[in-house]
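Novice: Here you go, one structure.
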Amino acid sequence: MKVAVFSAKKYDRELLDAANERFDHDLVYFDSRLEPDTAKLAAGFPAVCVFVNDDAGPMVLETLAKTGTKLVATRSTGFNHIDLKAAAALGIKAVRVVDYSPHSVAEFAVGLLLALNRKIHRAYNRTRDGNFELDGLLGFDLHGKCVAVLGTGKIGRVFAKIMVGFGCHVLGYDKYRSEEFEKIGGRYVEPEEIGERADVLSLHLPLTPETHHIIDADRLSYFKRGALLVNTSRGGLIDTEAAIEALKRGQLGGLAIDVYEQEEELFFEDHSSDIIPDDVIQRLVSFPNVILTGHQAFFTREAVGTISATTLASISDFEHGRPLGNEVR
Ligand code: NAD
């Protein structure tokens, strides 16, 4: 099938080409993001393949539908960038990669937490400059602390299991309780108890209208003073300006994020020679107790290999009229 692949980086092309030996789709790569101005590039392509910062909103989908696109396949688990209602109304189906490697993201969240708590990012910079001072690098033992996992789905449960291994008390928050989470040793509690007890909070919720800014000024004011917040899910879960205020007051002891609400304009590109016009992100990176990475939690060999193969398999299923196991509605 002819597939227009948007936001195609070098690694996407290599991995998709390797996986495509089994499928033989006609993959055409575009460097650009899918957005209203670039949607016309997909004219005549029955399938369009996108990534997390592509825009598959109503306007783009309308253009795609007019020019013959019937399937949007996202190379991600999250699908908040696809307007499912508009897609359904236009007769466009959407598929995602339900399950690739929850370990990739959960392990990265643990990495962020360790770096943030033990100030590894600061130590790295100091020792490169010949500064071996320990002042300012004091952390705390994770052993015995309360770690809240918001969203106890696939990634949240792997994260919880690792935290149990560290000797933490793991508290859970989810709309739907998972027996597996409880078997791991997690305990579901009300949001108030998380606020009172959690030394660390890690977000593993999808971004939906219900979860948008789930961490806002009000919620932050109930956090235990000095709590650490880790977000590897979606930037929109946190009201960033409220988090900045909480960091300034010391209410939030540290913030480690792999995702950022306005990341579309910045992430996955080299802006090192540009003046970055986003004052919020500039303020964030000025804090010593903030770590920001550019949406790389999924980026392991295992995960991206599975993402490529699963995406192409879904496109084949669509092409041959087979049931779509990874369809999102
Ligand atoms: P999942 O669907 O297995 O788990 C999500 C959990 O959130 C579910 O248990 C669900 O019941 C719960 N949930 C949904 N809405 C809720 C609400 N309103 N209140 C409480 N709980 C709610 O998903 P997953 O595979 O664990 O992925 C979690 C998120 O991680 C994805 O949605 C995606 O945004 C993000 N992600 C990020 C990266 C990255 O590279 N940074 C990579 C993959 C996924």
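The values are calculated or read from the model by the stated rules, or taken from the named source; none is laboratory data. No experiment lies behind these values; they were computed from the predicted model shown. As a convention, Cβ positions derive from the backbone with ideal geometry for all residues, glycine included, and neighbour counts pool all protein chains shown. The area values use the complete protein model at the heavy-atom level, side chains included, leaving out ligands, DNA and RNA. Shrake-Rupley method; radii C 1.70, N 1.55, O 1.52, S 1.80 Å.
Novice: Test each condition in (1) within 14 Å of the ligand (Cβ to nearest atom); (2) within 26 Å of Ala303 (Cβ to Cβ) for Arg177 and report the one that comes out false.
Specialist: Result: Arg177 passes all but (2).
Novice: Something else now. When you scan region 254-286, how many residues do you find that are part of a loop (DSSP other than H, G, I, E, B) and either crowded, with 16+ Cβ neighbours inside 10 Å or not assigned by TED's automatic domain parsing to the domain that holds Gly235 (or both)? Steps first, please.
Specialist: Going through region 254-286, the residues part of a loop (DSSP other than H, G, I, E, B) turn out to be 258-262, 266-278, 286.
Going one step further and asking which of them are either crowded, with 16+ Cβ neighbours inside 10 Å or not assigned by TED's automatic domain parsing to the domain that holds Gly235 (or both), we end up with 258-261, 266-267.
Adding up the residues that qualify gives 6.
Novice: Okay, moving on. What's the total number of residues in region 125-158 that are of a type outside the set (A, V, I, L, M), farther than 16 Å from Phe287 by Cα and surrounded by fewer than 17 Cβ atoms within 10 Å (Cβ to Cβ)?
Specialist: The initial filter retains those residues of region 125-158 that are of a type outside the set (A, V, I, L, M), namely 125-133, 135-136, 139-141, 143-146, 151-154, 156-157.
Checking the rest, the ones that are also farther than 16 Å from Phe287 by Cα come to 127-133, 135, 139-141, 143-146, 151-154, 156-157.
Still in the list and also surrounded by fewer than 17 Cβ atoms within 10 Å (Cβ to Cβ): 127-133, 135, 139-141, 143-144.
Final tally of qualifying residues: 13.
Novice: Check whether at least one residue in region 235-242 is in contact (Cβ under 8 Å) with a residue 60 or more places away in the chain, within 15 Å of the ligand (Cβ to nearest atom) and in contact with a helix residue (DSSP H, G or I) (Cβ under 8 Å, 6 or more places away or on another chain), and report yes or no.
Specialist: no
Novice: Any idea how many residues of region 51-81 are away from the ligand (no atom under 16 Å from the Cβ), open to solvent by 10 Å² or more (accessible area, probe 1.4 Å) and among the β-branched types (Val, Ile, Thr)? Give the derivation first.
Specialist: Keep residues of region 51-81 that are away from the ligand (no atom under 16 Å from the Cβ), which gives 55, 57-72.
From what is left, the residues that are open to solvent by 10 Å² or more (accessible area, probe 1.4 Å) are 55, 57-59, 62-63, 65-68, 70.
After this cut, where a residue has to be among the β-branched types (Val, Ile, Thr) as well, the list is 63, 67.
Result for region 51-81: 2.
Novice: Looking for something assigned by TED's automatic domain parsing to the domain that holds Phe45, in contact with a helix residue (DSSP H, G or I) (Cβ under 6 Å, 6 or more places away or on another chain) and not small (Gly, Ala, Ser) - is there at least one such residue anywhere in region 301-320?
Specialist: Yes, because at least one residue in region 301-320 is assigned by TED's automatic domain parsing to the domain that holds Phe45, in contact with a helix residue (DSSP H, G or I) (Cβ under 6 Å, 6 or more places away or on another chain) and not small (Gly, Ala, Ser).
Novice: From the list Lys9, Lys93, pick out the single residue that is farther than 14 Å from Thr311 by Cα, in contact with a Phe, Trp or Tyr (Cβ under 9 Å, 6 or more places away or on another chain) and either open to solvent by 40 Å² or more (accessible area, probe 1.4 Å) or assigned by TED's automatic domain parsing to the domain that holds Pro209 (or both).
Specialist: Values: Lys93 fails: farther than 14 Å from Thr311 by Cα.
Step by step, each of Lys9, Lys93 is checked, and only Lys9 is farther than 14 Å from Thr311 by Cα, in contact with a Phe, Trp or Tyr (Cβ under 9 Å, 6 or more places away or on another chain) and either open to solvent by 40 Å² or more (accessible area, probe 1.4 Å) or assigned by TED's automatic domain parsing to the domain that holds Pro209 (or both).
Novice: Taking the residues in region 180-210 that are open to solvent by less than 20 Å² (accessible area, probe 1.4 Å) and β-branched (Val, Ile, Thr) as candidates, determine which candidate is farthest from the ligand (Cβ to nearest atom).
Specialist: Val200
Novice: Moving on to the next point. For region 263-296, which positions are more than 30 Å from Leu137 (Cβ to Cβ) and touching a residue at least 24 places away in the same chain (Cβ under 8 Å)?
Specialist: Correct list: Glu264, Phe268.
Novice: I need a count of the residues in region 291-301 that are outside any loop (DSSP other than H, G, I, E, B) and in contact with a Phe, Trp or Tyr (Cβ under 8 Å, 6 or more places away or on another chain). Reasoning before the result, please.
Specialist: Initially, region 291-301 is screened for residues outside any loop (DSSP other than H, G, I, E, B), giving 291-292, 301.
Among the residues that remain, those that are also in contact with a Phe, Trp or Tyr (Cβ under 8 Å, 6 or more places away or on another chain) are: 292.
Counting residues in region 291-301 that are outside any loop (DSSP other than H, G, I, E, B) and in contact with a Phe, Trp or Tyr (Cβ under 8 Å, 6 or more places away or on another chain) gives 1.
Novice: Here is a follow-up. Counting residues that are within 16 Å of Gly144 (Cα to Cα), which helices (runs of 4 or more DSSP H) fully inside region 166-224 reach at least 3?
Specialist: Details: elements: 179-184, 191-197, 217-221.
Of the helices (runs of 4 or more DSSP H) lying wholly inside region 166-224, those with at least 3 residues that are within 16 Å of Gly144 (Cα to Cα) span 191-197.
Novice: Consider Val149 carefully, then state whether it is within 11 Å of the ligand (Cβ to nearest atom) and closer than 21 Å to Gly253 by Cβ.
Specialist: Working: within 11 Å of the ligand (Cβ to nearest atom): yes; closer than 21 Å to Gly253 by Cβ: yes.
So Val149 fits the description; yes.
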